[in-house]
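Data first, discussion second: the structure below is written as structure tokens.
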Amino acid sequence: MIETLAKGTRVTGSERSQLATELRRRYDEGESIRSLAAATGRSYGFIHRILIESGGQPARSRGRDPSLDRLGRSRPREGPHRGGCQQRSPRPTPTTFVPRRARRVTAHGVGSVAMDFDLESAGLRLHVDDAAARVTLDRPERRNAMTPRMWRALAHIGHTLPPTVRIVVFEGAGKSFSTGLDLSVLEGADEDGRELVAAASADTPENRARLDAMIAGFQEGFTWLRRPDIVSIAAVHGHALGAGFQLALSCDIRVLAEDATMSMREAALGLVPDLTGTKPLVERVGLSRAIELCLTARNVGAREAERLGLAEIVVDGPDLAGTVDDLVAALLATPAPAASATKRLLMDAAGNTLSRQSEAERLAQVHRLLALFANE
């Protein structure tokens, strides 16, 4: 029923009702949103909306289906079924998504914009599925160690994402999220490294300006993740060290596998964290704890990261991909204009007085009310 009704055509009326009933039945029997999306050829957001239509919010609070229940809390560790939840059925192999408008564009493309940056040589992969994008750090043989070229490629992705993208997920291929800076860069092992070493070899005003401009360019690969029109998610397993830790900190939400380890290693190398990670670190753990973490360069496990506020969700390793997929679906169920306006309010709240924040809420709500009633 699902396969014949959903693929390639607009579903309305009685057919939509039949589709909703069938999706709800398969979901209640334990099938994941990822699997339903693959079967129908539709996005996670579409499946989530149909499930809501067919019987309310998917089983987030029933404590029976782990798919969305994991989003609100970490799973307890005691017992073979983690507190009585049913074991999740094996997930299908992740699908590589290419947006309909970009079928002529290769894996080095995004949306309808052909990318002139070779992502593969920079150690990245990009997949776009309508409103959701997935960026994979893809240097598993180096545990996804980062290079200046990778940071510039991240910036390029931020500049060229199609405006329809609302969610961006970052993940690491292989055994780690990222072990941070590839130290061969400091040895001048490639063109980027040689340029960096040359600029740092003599303290002149010109070289200081060159280094400042280079680092500013690297930072652009991280700053765009705070844009109010997107929600960024770090799916972290294994190591997230140095620059990898800063990438995770730059994201709005961090979902960690139990085996995740975080550490700020820059000071131990005689450097400082310079990829926009110091501000979110202090905001999450406080100044004293941030000093301790940075100057000892110690490892922080997933459970401690959760206690410190460095992780929103911690799950068993095999559940990481599914939990992130379900989180994406839940986020996409919120209307885009309201999501963007709300994120902007939340981002500005810390720097505003109560009076200024109250005024910002009024202005945002006036805009939303006018937009809602104008569309009736």
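The values are calculated or read from the model by the stated rules, or taken from the named source; none is laboratory data. All of these numbers come straight from a predicted model, not from anything done at the bench. When we count neighbours, we look across all protein chains shown, and the Cβ atoms used for this are built from the backbone with ideal geometry, even at glycine. Quick note on the areas: whole protein, heavy atoms, side chains included, nothing else; ligands and nucleic acids left out. Shrake-Rupley method; radii C 1.70, N 1.55, O 1.52, S 1.80 Å.
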message: With θ taken as phi - 60° and the coefficients 6.51, -1.76 and 1.60, list the Karplus ³J(HN,Hα) couplings across the stretch 216-223 in order, rounded to whole Hz; mark glycine and proline as x.
response: 4, x, 5, 4, 4, x, 10, 5
field: Contour excess over end-to-end distance, with Cα ends at ASP274 and ALA38 and 0.36 nm allotted per residue
entry: 81.0 nm
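Work out, step by step, the length gained on full extension between LEU295 and GLU206: first 0.36 nm times the residue separation, then minus their alpha carbon distance; give nm to one decimal. Numbers along the way, then the final one.
Values: separation 89, 0.36 × 89 = 32.04 nm, distance 3.06 nm.
Stretched out fully, the LEU295 to GLU206 stretch lengthens by 29.0 nm.
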statement: Averaged per residue, the 1.4 Å probe accessible area of the stretch 234-376, protein heavy atoms only, in Å², is roughly 48
- line: Quick shape check on the stretch 219-352: root eigenvalues a ≥ b ≥ c of the Cα gyration tensor, a/c under 1.5 is rounded, otherwise prolate if a/b tops b/c, else oblate, and it reads oblate
- line: Here FRET efficiency (C-beta to C-beta, LEU287 to ALA349, R₀ 22 Å, nearest 0.05) is 0.70
field: Under the Karplus curve 6.51 cos²θ - 1.76 cosθ + 1.60, θ = phi - 60°, whole-Hz ³J(HN,Hα) for the stretch 328-344, x wherever Gly or Pro sits
entry: 4, 4, 5, 5, 6, 6, 7, x, 4, x, 5, 5, 5, 5, 5, 4, 4
- request: Once you have the Cα-Cα distance between THR223 and THR164, take 0.36 nm times their residue separation minus that, and quote the gain in nm to one decimal.
  value: 19.3 nm
- prompt: How many Å² of accessible area per residue for the stretch 150-204, probe 1.4 Å?
  reply: 42
- prompt: Considering only protein heavy atoms and a 1.4 Å probe, what is the carbon-and-sulfur percentage of the accessible area of the stretch 299-376?
  reply: 60
- prompt: Of all the accessible heavy-atom surface of the stretch 114-169, with the other protein chains kept in place and a 1.4 Å probe, what percent is carbon and sulfur?
  reply: 48
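Heavy atoms only, probe 1.4 Å: what % of the accessible area of the stretch 182-263 goes to carbon and sulfur, would you let me know? Spell out each step's value before the answer.
Values: 1760 of 3200 Å².
Carbon plus sulfur share of accessible area: 55 percent.
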Projected label distance in nm at SER14 and ARG356, using a 7 Å step from Cα toward the beta-carbon: 6.0
